[in-house]
1. Please return the ranges of strands (runs of 3 or more DSSP E) entirely within segment 114-217 where 2 or more residues are open to solvent by 10 Å² or more (accessible area, probe 1.4 Å), at pLDDT 95 or above and over 22 Å from A258 (Cβ atoms).
2. Please list, ordered by first then second residue, the pairs with beta carbon atoms under 8 Å, 6 or more apart or interchain, first in segment 293-304 and closer than 12 Å to A321 by Cβ, second assigned to a helix (DSSP H, G or I) and open to solvent by 30 Å² or more (accessible area, probe 1.4 Å).
3. Give the residue, chosen from A27, A50, A16, that is farther than 28 Å from Q271 by Cβ, among the hydrophobic types (A, V, I, L, M, F, W, C) and in contact (Cβ under 8 Å) with a residue 12 or more places away in the chain.
4. Return the residues of segment 356-379 that are over 18 Å from the mean Cα position of the chain (by Cα) and open to solvent by less than 60 Å² (accessible area, probe 1.4 Å); say none if nothing qualifies.
5. Only residues that are in a helix (DSSP H, G or I), hydroxyl-bearing (S, T, Y) and open to solvent by less than 50 Å² (accessible area, probe 1.4 Å): list them for segment 267-298, please.
6. Restricting attention to segment 69-96, report how many residues are within 18 Å of A255 (Cα to Cα), open to solvent by 20 Å² or more (accessible area, probe 1.4 Å) and assigned to a helix (DSSP H, G or I).
7. Here are some residues: Y328, Y264. Which one is assigned to a loop (DSSP other than H, G, I, E, B), open to solvent by 20 Å² or more (accessible area, probe 1.4 Å) and in contact (Cβ under 8 Å) with a residue 60 or more places away in the chain?
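The values are calculated or read from the model by the stated rules, or taken from the named source; none is laboratory data. Here the structure is a predicted model, which means the values were calculated and not measured. Neighbour counts are summed over all protein chains in view; Cβ atoms, including those assigned to glycine, are modelled from backbone coordinates with ideal geometry. With ligands, DNA and RNA removed, areas are computed over all heavy atoms of the protein, side chains included. Shrake-Rupley method; radii C 1.70, N 1.55, O 1.52, S 1.80 Å.
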Amino acid sequence: MRIVKRLQPFSSTIFAEMSQLAVQHDAINLGQGFPDTDGPLSMLMAAQDAIATGHNQYPPGPGIPELRAAVARHQLDHYGLQYDPDTEVLITVGATEAIAGAVVGLVEPGTDVVMIEPYYDCYAAATAMAGANRVTVPLVPDGDGFTLDRDALNRAITPQTSLVIINSPHNPTGTVLSDDDLNAIAAACISNDVVALTDEVYEHLLFDNRTHTPLATLPGMKERTLRISSAGKTFNCTGWKVGWISGPAELVAAARAAKQFMSYVGSGPFQPAIALALDTEMDWVRGSAARLERSRDLITGALTDVGFDVHRSEGTYFVVADPRPLGYHDGAAFCRELPGRIGVAAVPVSAFVDHHDQWSHLVRFAFAKRDNVIEEAARRLRALA
């Protein structure tokens with residue numbers, strides 16, 4: 001294969017493999033995390049209007065001023081975080097580009113990038129593109145959920161560390177990091193003078209009356225944290241690819257230096273629509289989170305009825321389940337068999353880890369689907385019993 005060695009592990013993804021199996025077997029795809037309903041009507045109409053009225057050329061490199069201002073207002077209103085929309089907010093082609101731009105712009109080759117395991121696969125790919133070393137800190141069982149291994153965190157962050165990537169609410173486990181976890185991360189970053197990159201794309205999709213605490217709100221962290229979020233998960237428009245980075249001007253400038261040579265700009269007619277949604281459609285978002293909570297309960301109930309051990313999902317689109325009580329100890333093999341056997345696709349958690357022995361049995365199900373789809377998936381899953 002003619003690809004540089006450090007990128008060879010990323011030449012294909014588990015999502016493509018499982019989606020292909022889902023199509024082959026006409027299975028319900030609970031593997032890839034995207035919703036099957038659209039966002040608020042006012043946002044959709046604003047995008048149509050932007051297309052019809054000439055917003056179809058390159059937008060400004062940092063993003064249109066209206067969207068940068070809306071992102072800044074949103075963070076001030078929800079978290080008390082004040083960012084200058086001109087120098088401290090950057091619009092990106094989705095959160096994935098924001099992550100890649102920040103890593104490539106801030107990380108020197110040969111240094112360490114610390115991330116939580118399991119990790120979203122683009123963190124590892126971006127680290128490889130930067131020529132850096134991936135160092136993982138595991139989540140560990142906490143009752144029916146997970147918590148951060150804080151001892152491992154303190155061992156992992158050293159003077160060799162250039163960046164710490166934090167994802168909460170967490171993909172793939174649905175974990176929301178506790179205040180104790182966040183305080184431990186902040187203390188380690190401050191004592192080692194390390195920058196934090198926080199992936200908060202699921203910030204508004206929390207369950208059971210939980211609230212989201214950005215790491216940047218902790219004392220001493222705003223000046224060393226780049227916050228990343230996006231419209232895709234918040235407003236059910238993953239195909240629009242509108243994301244953003246907020247943080248100190250010098251850190252945002254570093255991300256922009258790399259990002260501008262990845263896509264330059266994107267999502268021109270969608271940016272005004274997202275600006276509108278951020279200012280006017282948070283009631284819709286709260287309703288979306290409530291619908292996702294019901295879907296979580298439906299799929300969790302079905303998995304429990306079948307005999308899975310199901311881990312607590314506190315937010316996101318995802319729930320993690322253990323099929324060992326059904327006699328399956330290899331989550332990847334189980335996922336490859338599932339579409340043909342019962343017509344449901346999932347993904348193995350082992351696709352998101354380095355230490356496979358600790359995670360090889362677990363399976364992730366995505367539940368951001370219409371009620372009738374989740375109900376049919378639940379019916380099919382019960383055939384495993």
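1. Answer list for segment 114-217: 133-142, 145-148.
2. Final answer for the pair search is A302/R379; A302/R382.
3. Going through A27, A50, A16 in turn, the sole match is A27.
4. Result: W359, S360, H361, L362, V373, I374, E376, A377, A378.
5. S288, S295, listed by residue number.
6. 1
7. Y264
Residues are listed down the side, and each one gets a yes or a no for (1) under 17 Å from F318 (Cα atoms); (2) of a type in the set (V, I, T); (3) within 20 Å of the chain's Cα centre (by Cα):
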residue: V265; (1), (2), (3): no, yes, no
residue: A273; (1), (2), (3): no, no, no
residue: L276; (1), (2), (3): no, no, no
residue: M282; (1), (2), (3): no, no, yes
residue: A290; (1), (2), (3): yes, no, yes
residue: E293; (1), (2), (3): yes, no, yes
residue: L298; (1), (2), (3): yes, no, no
